[in-house]
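Beneath this line is the structure, given in structure tokens, with notes to follow.
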Amino acid sequence: MSVRARLYAFWMKKRPKTLSAAKVIAIVFAVIILLGACLLMLPAASRDGVSCGFRPALFTATSATCVTGLVLYDTWSQWSGFGQVVILCLIQIGGLGFMSAATLLVFVLHRRIGLKQRLVMAQALSLNEIDGVVRLQRMVLIGSFSIEGIGALILTLRFWPEYGLRKALRWGIFHSVSAFCNAGFDIFGSIEPGSSLMAFQSDPVVLLTLAALVVIGGLGFLVWEELARKKRFRKLSVYARLVLVTTLALLGAGWVLTCLLEWNNPETLGNLSVGDKLLNGLFQSVTLRTAGFAAIDQACLTEGGKAMAVVFMLIGGSSGSTAGGLKTVTFVVLVLFIMSRARGRSCVCAFKRTIPQGQVLDAMTIAFLMVILAMAGGIFISATSAVSFTDALYESVSALGTVGLTAGATGKLGTAAQILIILYMYFGRVGVLTISLGFLTGDRAEERFRYAETNLLIG
């Protein structure tokens with residue numbers, strides 16, 4: 001028997017007979033990233049007609065598919081029109097989930113959606129059950145394309161008089177999709193490479209339109225569905241109400257803290273008018289919710305501003321959305337738990353409902369994993385690249401939370417640090433989602449015995 005035949009026989013014997021929905025999502029995301037990297041490696045994808053090589057292509061494809069926004073090269077300067085289209089497609093697939101693209105094809109072909117496909121769709125949308133998942137997926141597709149279309153129209157009309165219809169249309173579509181998917185990619189490099197949105201610091205139409213797209217995309221598809229169906233706040237589920245209240249509170253807190261910490265910093269807000277300071281403070285608060293656009297120079301933030309940004313990037317958006325991070329409800333459950341324990345209470349409550357103890361422990365576990373990974377990443381990057389620990393931590397959290405903001409460290413990363421960032425972007429988009437749903441929907445192991453209790457000194 002040949003070596004090839006033996007390998008085939010070994011694979012047929014040892015291959016997994018079934019794949020869980022979580023594994024399917026992880027594998028397909030990896031395949032999409034590799035396919036995108038292969039396309040970006042083509043000479044036609046680069047503006048100068050020379051292949052960029054595998055590692056830069058893989059980094060960019062991972063960043064686009066995982067809707068992060070960290071880049072080794074300015075998107076407009078490096079990539080041709082074909083390369084930009086590839087990146088845009090990866091952003092759209094990564095933001096809405098590959099099952100959205102697959103479901104769209106199924107709808108067009110009028111095919112039936114089986115049980116396995118419904119399970120994967122539920123997993124991709126962060127649902128605990130499959131009831132109504134097809135209806136929700138249809139609403140996600142229609143709602144997403146409609147919102148992106150409105151955003152693209154507003155941006156096109158804004159850019160048209162100054163830049164012409166062709167460039168305005170290209171900019172409008174690209175940045176509307178990038179903002180809604182919380183990707184943070186931009187093609188404003190023709191104005192000034194690597195400047196992101198700094199050329200539009202005084203443009204409320206551009207900044208507020210992008211900010212609205214980011215917030216809507218980061219709320220989560222399940223919240224959309226509830227808002228469309230129930231319309232009134234009091235009729236919403238506890239989860240939806242927590243998402244809305246927490247999102248509003250975090251946006252307000254980020255806005256106030258950014259203005260307080262950067263108001264007199266001449267490198268960020270200091271030289272702007274009062275109105276522009278407030279506008280850019282608000283946009284900075286929004287973009288920290290895993291959007292990745294930069295209207296002010298992140299490298300010039302004060303130490304306090306960077307520390308605040310790290311916290312907000314780590315929290316991220318909401319479950320089942322285009323955003324990444326720890327997630328808003330996970331964060332608020334931790335806050336409610338601490339408040340309950342501080343008052344001597346054993347249960348955690350929200351809107352007159354008790355949150356199960358198991359879900360509180362799940363939130364604590366996920367948060368602990370995120371913090372440990374973020375710190376470990378910061379240490380590794382600072383040890384392997386010519387980057388300070390503060391900027392390395394900023395980069396680590398940005399990748400893990402799929403944010404895409406950088407304090408200038410991305411271009412200084414060594415090969416090992418680039419590989420770590422690739423893994424963090426992938427884990428941030430796929431791994432945290434998979435772990436979260438594994439906790440929430442997985443079967444609990446039965447405890448056959450329990451050891452005697454012992455008391456420890458805590459605190």
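Where a number appears in this text, it was derived from the coordinates with a stated rule and is not lab data. Given the structure is predicted, the values throughout are model-derived calculations rather than measurements. With ideal geometry, Cβ positions are generated from the backbone for all residues, glycine too; neighbour counts draw on all protein chains shown.
Close amide H pairs (under 5 Å, H built 1.01 Å from N) link residue 79 with 47, residues at least 5 positions away or on another chain. Working from Cα pairs under 8 Å separated by at least six residues, relative contact order for segment 42-100 is 39 percent.
Label zone (residue 85, point 7 Å along Cα-to-C-beta; backbone nitrogen cut-off 19 Å) within segment 145-170: 166-170.
Legend: residue pairs 167/306; 327/352; 235/327; 277/327, Cα-Cα distance threshold 30 Å; pairs beyond threshold, 167/306.
Computed 3J(HN,Hα) for segment 163-180, one whole-Hz value per residue from the Karplus formula 6.51 cos²θ - 1.76 cosθ + 1.60 where θ = phi - 60°, is 10, x, 5, 4, 5, 4, 5, 5, 5, x, 5, 4, 6, 5, 5, 4, 6, 4, glycine and proline marked x.
Counting 0.36 nm for each residue step from residue 163 to residue 335 and taking away their Cα separation leaves a gain of 57.2 nm.
Here the extension length gained between residue 376 and residue 227 equals 49.7 nm, from 0.36 nm per residue of separation less the Cα-Cα distance. A full extension of the chain between residue 274 and residue 202 corresponds to an added length of 24.8 nm, given 0.36 nm per residue minus the alpha carbon distance. Using the Cβ of residue 161 as centre and a radius below 14 Å, the other residues enclosed give a net charge of +1, where K and R count +1 and D and E count -1. Cα centroids of segment 44-73 and segment 378-419: 17 Å apart. Our coupling estimate for segment 401-415, obtained by passing each phi through the Karplus curve with A = 6.51, B = -1.76, C = 1.60 and θ = phi - 60°, is x, 6, 8, x, 7, 9, 8, x, 8, 4, x, 9, 5, x, 4 Hz, Gly and Pro reported as x. Backbone phi angles across segment 59-70, fed through the Karplus curve with coefficients 6.51, -1.76 and 1.60 (θ = phi - 60°), yield HN-Hα couplings of 4, 5, 5, 5, 4, 6, 5, 8, 6, 9, x, 6 Hz in residue order; Gly and Pro are listed as x. Close amide H pairs (under 5 Å, H built 1.01 Å from N) link residue 350 with 355, residues at least 5 positions away or on another chain.
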